[in-house]
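What follows is a short report on a single structure.
The values are calculated or read from the model by the stated rules, or taken from the named source; none is laboratory data. Everything numeric in this text was worked out from a predicted model, so none of it was measured. Cβ placement follows ideal geometry from the backbone for every residue including glycine, while neighbour counts extend to all protein chains displayed. Ligands, DNA and RNA are excluded from the accessible area calculation, which covers all protein heavy atoms including side chains. Shrake-Rupley method; radii C 1.70, N 1.55, O 1.52, S 1.80 Å.
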Amino acid sequence: MSIRIKIPNTWFRGHQGVRRDEVVRTAVAVFLVLSIVILSVFAFYYIRYQRIVDRRMRGPIFNNASQIYALPRTVVVGQKIQPEEIALDLRHCGYSEVGAKNDSRVGTFSIRRDGITISPGPDSFHAEDNAQIKIRNGKVVSITAAGNEGNSYELEPQLITALFGAERSKRTIVKYQEIPKILVDAVLAIEDRRFFQHSGVNYVRLLEAAWIDLRQGRHEQGGSTLTMQISRGFFLTPQKTIKRKLEEMLIAIELEQRFSKQQIFELYANQVYMGQRGSFTIGGFAEAARAYFNKDLQSITLPEAALIAGIIQRPNYLSPYRNPERALERRNLVLDAMVDTRAISRAEAERAKAVPLKLAPPNVEASDAPYFVDLIKDNLVSKFSEQELNNRAYRIYTTLDPDLQRVAAQAIDDGLKVVDAKITKLRTRRVKIGKGKGRSAKYETKILPGPQAQVALIAMDPHDGRVLALVGGRNYGTSQLNHATAKRPTGSIFKPFVYAAAVNTAVAGGDNVLTPASLIDDSPSTFTYGDQIYEPRNYKDEYHGEVTARFALAKSLNNATVKLAEAVGYDKVAEIARAAGINSVKPTPAMALGAYEATPIEMASAYTVFANQGARVTPIMISSVRNAQGEVLASYRPEQRSVLDPRVAYVMTNMMEGVLNYGTAYDVRTSGFNAPAAGKTGSSHDGWFAGYTSNLLCVVWVGYDDYSDIRLSGADTAEPIWTAFMKRAIAVPQYHDVKPFQQPSGVVDVALDKVTNRLATPTCPDDYTAAFIAGSEPTETCDQAIGSRGILSRILGIGGDKALPPSPPGAGVQKPASPGVIAGQQNQPDDPNKKKKGILGKIVGIFKKTKRRTSRHLPILRSRTLDSWKIGG
């Protein structure tokens, strides 16, 4: 028997309601707890990041490190230039045009029909005095500054870079009002279309990006707004994690509450990473416009604005220099996006797409002077602490000339291509493959491995010591070793100091006076010094017999140079060299051929002895250091020291002009550089060239880091770079006025017969002119030397000039010649096995065509106690 119990529905509903209430209350409690926890966590991080934002935004938004400025560019009367060119230069320096919404504190300018007016501001390097530059038909006709008319005007120095900080960057700060609307529209179209509507986070776009990442299993879709990108750039690392994304959102919300949309976009425009130029970071839109188009930001066109906006996503991957196809495709995508946002019409987009990429010539890294910047830092840390230089916004005004630095970069870029090709040719071998013989033999061409040639170039004013351009290597990104400060054997660019010591005997007095016309025996010889025995050799064992000192220097003859050093005294040569700043030299025969080491900068300073009337000038790279208020904290002046009598310095310059006019550096002239100049080639393991004009001195070095032999002469490696640099340098207005070297009193120019090196007369019309210290010049005439031999001796070639065109003086002269012959030097005996020409052969030989140039001189220095090695030439 079953019993049924019936439960009333009302009872069940009552108990079900109780349980539902409990669930609701529990849910509400959990929600409240979670909300409190979330709000607490949010409040904690909000306050935390608020403090971070406050701390970061309290001081200067961008780093307050010291800034390095270049030498002010100079505008001179008569210069060909347009007002717009000057205006562009001023904009690069921070000036604003009169009538802009915000006048720059650096200065303002206004373009007029007849020129340009410049008004420096309180933050300018110059005093706040107006200047008017009048230009007519593209040429400067007058310059008035501070009410006074003058011949030149210095523009504002250009910023090179920040000296310290986490990155070496180039950045030009702009205001929102200075950013073209087409660029704002382009950036928003491709990066953040709802920028002016959202409150820092675009949640729809963020969820869409998260969904794509989940499907693809990768973290590629950012979904960040411009404000979030600023959060990441200013406060966070670029690492992609969920935690960092939440931090971005919190900081973005904080920024949106603190700043207006225009201020946020301005921060973005100045902060965004826009690629790399060598070792320098390109920061912000203004610097990107300059780097990619060499334009002021306000002057960019629609296609250029679209390109700048496009490469924001991946600046190096989309670099228009490295990947022009990608950059062009991305630019066109931006133009389509601008049509979608109705910023431009479809017709405008299509016209812009039809425009090819018009980029400025790629900036060679050397033009940014990274090695120069490193030297500036090294010079300053001994006087200022890094904290001062990092935080006090010092302005460091340097001697670097941007025009010459750019010229140096171009010359090296062109020259190294030629050097690399010559090295490749030397390393190329034809190698036999297999065992085939005769016609069945197979060969292949191989290029042997080896180091890459490095380079250094220093250009300076030889009168005031300012280093105007400096390149320390071929690529700073791959090697930060500054070869301009690396010690290397100097080779034959040391030889002028041997000849200077010889010419100095005319000033010092004594019985053995040596002059440019003094005879030296250029024959194979052995020299002893202590327990060392030296056997210097000329290139290809070519010897010239007795030659003048002038000819020996022009042709870089090794034996003759060592004999001259021996006659003068090794100690006297070393004394002059040390006074010129070459401190490593020792008074040995090897010294005469440049066996001892010096840096390219030291050799540039040493050569000022010849270019600066006998006074050595120490190089300087900084003119002054000023604080943010413009007050001078330190100023730098070069030191000058008298080393040679001005007369000796001029005679040496005159002799080194011969190196270019008919010596080992004759290619300088055949390459089209015809300005008055003097210099010397040099070869050791490396290639050197040191040369100068009346207003510019330049030293070039080429070699390997591992000290192995480059197997090319200085005339093949360094000289072409020097020539390319100087040809471009004299085209720069401030270096265009190259004048003949100024001859001091007490020096005379004398016409000498090329055959006898005695005073020329109408009987000896084939002559040349040489400089002598007054009283040391030859006194006997060529007639006295020719005597009874007369015309017949010339026809037969007896004692004739051995030099090849262009005819250098002083080769192959007869024994009885001008005064000052080195005592104790005897000719080597003739080789008895050598076949001599008969009279008929001599006469026929007159009419044979001679070569235009002699071979390069790559002399060799050998020691019986040391391994053989090459040096000189």
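The Cα atoms of region 500-575 give a gyration tensor whose axes a ≥ b ≥ c have a/c of 1.5 or more with a/b no greater than b/c, which makes the shape oblate.
Based on protein heavy atoms only, region 257-350 ends up with 40 Å² per residue of surface accessible to a 1.4 Å probe. For region 472-586, the fraction of 1.4 Å probe accessible surface lying on carbon and sulfur atoms is 45 percent.
With a Förster radius of 25 Å applied to the beta-carbon distance between Glu154 and Tyr321, the computed FRET efficiency rounds to 0.15.
Phi-derived couplings, Karplus 6.51 cos²θ - 1.76 cosθ + 1.60 at θ = phi - 60°, listed residue by residue for region 625-636: 10, 10, 7, 5, 8, x, 6, 6, 9, 7, 10, 10 Hz, with x used for Gly and Pro. Percent of C-alpha pairs per 5 Å bin in region 339-481, short distances first: 2, 7, 11, 11, 10, 10, 8, 7, 8, 9, 7, 4, 3, 2, 1, 0. Once the Cα-Cα distance is subtracted from the 0.36 nm per residue extended length, the Ile173 to Leu88 segment shows a gain of 29.0 nm. Once the Kirkwood radius over Cα pairs is known for region 678-776, the Stokes-Einstein relation at 10 °C and 1.306 mPa s delivers a diffusion coefficient of 96 µm²/s. Close amide-amide hydrogen proximity is noted between Arg466 and Asp461, Ile620, each under 5 Å apart and 5 or more residues distant or on a separate chain (H modeled in the peptide plane; Pro and chain starts excluded). In the neighborhood of Pro676, defined by Cβ-to-Cβ distances under 10 Å, what is the net charge if each Lys or Arg adds +1 and each Asp or Glu adds -1? Once all neighbours under 10 Å are counted, the net charge is 0.
Among rounded, prolate and oblate, which fits region 425-553 when a ≥ b ≥ c are the square roots of the eigenvalues of its C-alpha gyration tensor, a/c under 1.5 means rounded, and a/b larger than b/c means prolate? It is oblate, given that a/c is not under 1.5 and a/b is not larger than b/c. Within the shell of other residues whose beta carbon sits under 13 angstrom from the beta carbon of Pro516, the net charge comes to -1, with Lys and Arg scored +1 and Asp and Glu -1. Label sites at Asp123 and Lys377, each approximated as a point 7 angstrom past Cα along Cα to Cβ, lie 2.4 nm apart. By accessible area, using a 1.4 Å probe on protein heavy atoms only, region 726-779 has 52% of its surface on carbon and sulfur. Computed over protein heavy atoms with a 1.4 Å probe, the carbon and sulfur contribution to the accessible area of region 590-644 reaches 42%.
If you sort Thr528, Thr548, Thr301 by accessible surface, 1.4 Å probe, largest first, the order is Thr528, Thr301, Thr548.
A cut-off of 5 Å between modelled amide H atoms, ignoring neighbours fewer than 5 places along the same chain, links Val141 with Gly78, Lys134, Ile135, Arg136.
In Å, what Kirkwood hydrodynamic radius results for region 101-164 from the alpha-carbon pair distances?
13.0
Straightening the chain between Gln262 and Leu481 buys 74.4 nm, computed as 0.36 nm per residue apart minus the Cα-Cα spacing.
Here Arg20 and Leu359 are evaluated by their C-beta separation; at R0 = 51 Å the FRET efficiency comes out at 0.10. Phi angles across region 173-181 convert, under the Karplus curve 6.51 cos²θ - 1.76 cosθ + 1.60 with θ = phi - 60°, into 3J(HN,Hα) values of 7, 10, 8, 4, 5, 8, 8, x, 4 Hz, Gly and Pro given as x. Rolling a 1.4 Å probe across all protein chains gives Ser642 an accessible area of roughly 100 Å².
Within region 462-526, the ratio Rg/Rh, alpha carbon atoms throughout and Rh by Kirkwood, equals 1.18.
On a per residue basis, region 505-576 carries 34 Å² of accessible surface, using protein heavy atoms and a 1.4 Å probe. Computed from the C-beta positions of Tyr443 and Ser708 and an R0 of 25 Å, the FRET efficiency is 0.40 to the nearest 0.05. Under a 5 Å amide H cut-off, with hydrogens placed 1.01 Å from N, Thr225 pairs with Asn202 among residues at least 5 apart or on other chains.
Taking 0.36 nm per residue of separation and subtracting the Cα-Cα distance, full extension of the segment from Asp749 to Ser199 would add 189.6 nm.
What shape does region 559-622 take by its C-alpha gyration tensor, where a ≥ b ≥ c are the square roots of the eigenvalues and a/c under 1.5 counts as rounded, a/b above b/c as prolate, and the rest as oblate? Judged from the Cα gyration tensor, region 559-622 comes out prolate (a/c at least 1.5, a/b above b/c). Note on Arg258: accessible area is roughly 100 Å² with a 1.4 Å probe, heavy atoms of protein only.
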